[in-house]
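Presented below is the structure to which this report refers.
The numbers here are math on the coordinates, done by the rules we state, and not lab data. All values derive from a computational prediction rather than experimental measurement. Using ideal geometry, Cβ is built from the backbone for each residue, glycine included, and neighbour counts are taken over all protein chains shown.
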């Protein structure tokens, strides 16, 4: 009996506490424990772009978020099969995350934009987001989209100039480009104008599949091409292992559209650092999760491009690079 009398006041106190709102209900626990979710889509693969994801996480941490701690990231990788991007984007949108990140080229961001105007989207790619209709302007994007771009389409002529400086005796130049790229026409136009001004014979070789890359190299072998420019494109960047293996086998001087090529054994690269773009995307993701509207965040552009020269590869090829060219390099790999 005494046990029952003792229990009743305890139950009464529990009831009063509950009525006072101090009891944490299961629903409240779930609400408090919920972490924001980021849906991250890359048209390339974790194998080629893992270091870029790491750069994104650095930026995210700068804004106060750590994956697995106070934010959850959900990933989809197209592994270079751009035809899969639309379906993978739909999977992420259907999860109703707090934020979407489209990387690895333009298809990811475009797929997200076609699917939602409500969920914030952060992009990274190398083309003009205004021309694509993703944002209204660089300074005031408006809508639900913002991000970082390196405007790589303006660099093709510069790369051809650098290749000419690197291998001044080369006259027969090939340019590999992906005709599926939205800006392939302008890339080729800029390269042809530079080639004409320098008196170079430029051959454009299209490649949008692994098989077409191999056939392009077969064409260069048969034509005894002197040097090669790889055009800026998400697919070609993702296929750098295949491209580097073929250029090495041909001992073909080449300049590439991302530092990742030079780091992996390519002769030279000229581009804005991809890691900087991804870090900025991470910073923006964190700011948006804290309440900033995407349309109020200006599109970021890296302010510098870097020329990276792999002297070890030049030595292996038996290629004597002009001292003035090497002196211009922002970084050399010994």
More than 31 Å apart: what percent of Cα pairs in the chain qualify? 40 percent
What shape does the range 75-143 have by the C-alpha gyration tensor, where a ≥ b ≥ c are the square roots of the eigenvalues, rounded means a/c under 1.5, and otherwise prolate means a/b greater than b/c and oblate the rest? oblate
Against the longest principal axis of the chain, how steep is helix 240-250, in degrees 0 to 90 to the nearest 10, with axes from Cα atoms? 20 degrees
Which order, highest average first, do 77-89, 208-220 follow once you tally other Cβ atoms within 10 Å for each residue and take the mean per peptide? 77-89, 208-220
How compact and how long is the range 249-318, expressed as Rg and Dmax of its alpha-carbon atoms in Å? 17.3, 56
I need the peptides 292-301, 99-108 ranked by packing, meaning the mean over residues of other C-beta atoms within 10 angstrom, with the highest value on top. 99-108, 292-301
Let me check against my output: what whole-number percent is the relative contact order of the chain, with C-alpha pairs under 8 Å and at least 6 apart? 20 percent
Ellipticity estimate at 222 nm from DSSP helix runs (n ≥ 4, -39,500 (n - 2.57)) divided over the chain, nearest 500: -14000 deg cm²/dmol
One-quarter of the Cα convex hull surface for the range 64-186, in nm²? 10.2 nm²
For the range 265-334, averaging the sequence separation of alpha carbon pairs under 8 Å that lie six or more residues apart and dividing by its residue count, the contact order in percent is 41 percent
Suppose a student asked you for the relative contact order of the range 173-302, using Cα pairs under 8 Å spaced at least 6 residues apart; what percent would you report? 21 percent
If you wrap a convex hull around the alpha carbons of the range 174-329, what volume per residue comes out, as a whole number of Å³? 141 Å³
Normalised alpha carbon radius of gyration of the range 35-110 [divisor 2.2 N^0.38 Å]: 1.05
Which whole-angstrom value gives the distance between the alpha carbon centres of the range 280-327 and the range 151-191? 18 Å
Using only Cα atoms, tell me the angle between helix 85-94 and the longest principal axis of the chain; keep it within 0 to 90° and round to the nearest 10. 10 degrees
Across the range 137-195, how large is the tail of the calculated P(r) beyond 17 Å, expressed as a percent of all Cα pairs? 52 percent
Could you tell me how many degrees, from 0 to 90 and to the nearest 10, lie between the Cα long axis of helix 106-115 and the main elongation axis, the longest principal axis, of the Cα atoms of the chain? 40 degrees
Among 76, 287, 198, which one shows the biggest mean-square fluctuation in a GNM of the chain, springs joining Cα atoms closer than 10 Å? 198
Report the dimensions of the range 292-332 along its three principal axes from the alpha-carbon atoms, largest first, rounded to Å. 54, 19, 10
